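Comments concern the structure below.
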């Protein structure tokens with residue numbers, strides 16, 4: 001269970017594989033690096049080196065009282081990559097991690113070979129319905145409610161032992177992940193910078209996602225010159241959890257086709 005100090009916090013991460021292509025995976029809110037386990041299991045270890053950190057407030061990483069904005073967490077991610085001396089890598093972000101990955105790439109595109117955004121929080125923000133916040137507080141207090149809530153977001157995910165681990169990870173997240181962080185997404189807006197992006201980008205969306213609107217992702221794609229959109233039928237908010245084998249094949253094809261210097 002490796003940890004690294006990024007200057008402000010200590011971050012836990014998992015590594016796998018010895019391949020020459022490095023993939024840095026960034027999970028979403030109320031999650032952990034565990035959300036990428038099934039995808040990583042399908043990636044040939046002789047071809048890929050994978051790194052999956054727990055973000056601030058999540059998993060086994062530090063849980064300070066402050067720092068829960070996309071801008072600050074993108075700073076964490078840049079510091080994490082520098083601390084691990086990741087010179088060049090493919091960046092993959094899910095949900096909140098998608099916004100963090102996108103902003104990280106905009107701030108410093110040099111080390112990023114490709115960018116994959118999975119059901120990402122849109123660059124022009126996400127206003128969640130007000131009635132969701134009392135439910136999130138109840139989810140935090142009650143494991144059964146958390147389990148039901150998570151299943152509603154991932155309708156095609158098997159409710160097996162792995163799913164139960166994801167539920168436990170949700171419950172370990174800092175209180176800000178249930179309140180201040182999701183509320184702050186409504187004010188997020190760096191969409192005017194999308195035209196700066198030159199990194200090959202894949203946007204993935206599950207057609208049963210109850211959170212991220214497809215129209216918002218289409219608006220993003222229109223402003224990103226080197227991007228394409230892939231839709232997963234019958235899948236909710238997390239294709240990497242709900243269809244990990246299909247997602248891993250898509251990711252490998254994208255990485256290989258967009259990386260002529262392999």
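What follows draws every value from the coordinates through simple rules; no lab data is involved. Fair warning: this is a prediction, and the values are worked out from it, not measured in the lab. Reconstructed Cβ throughout: ideal geometry from the backbone, glycine too, with neighbour counts over all protein chains shown.
In whole Å and largest first, what semi-axes does the C-alpha gyration tensor of the stretch 23-172 yield when each eigenvalue is scaled by 5 and square-rooted? Present the calculation step by step, with values, prior to reporting the outcome.
Numbers: eigenvalues 134, 71, 39 Å².
Three semi-axes, in Å: 26, 19, 14.
Starting with the fewest neighbours, write out 192, 54 ranked by other beta-carbon atoms found within 10 Å of each beta-carbon.
Fewest-to-most Cβ neighbours within 10 Å comes out as 192, 54.
Here is the tail figure for the chain: Cα pairs spaced more than 27 Å apart come to 30 percent of all pairs. For the stretch 136-167 and the stretch 26-71, compute the distance between their C-alpha centroids and round to whole Å. Each part's Cα centre sits 18 Å from the other's.
Computed over the stretch 1-94, the range of Cα coordinates on each principal axis works out to 40, 25, 23 Å, biggest value leading. Modelled this way, with points 7 Å down the Cα-to-C-beta line, the labels at residue 189 and residue 225 are 2.5 nm from one another.
Counted over the chain, the DSSP beta bridges are approximately 25% antiparallel.
Percent relative contact order of the chain, based on C-alpha pairs within less than 8 angstrom and at least six residues apart? If you can, show how the numbers build up before the last one.
Working: 537 pairs, mean separation 54.5, N = 262.
Reported as a whole number, the value is 21 percent.
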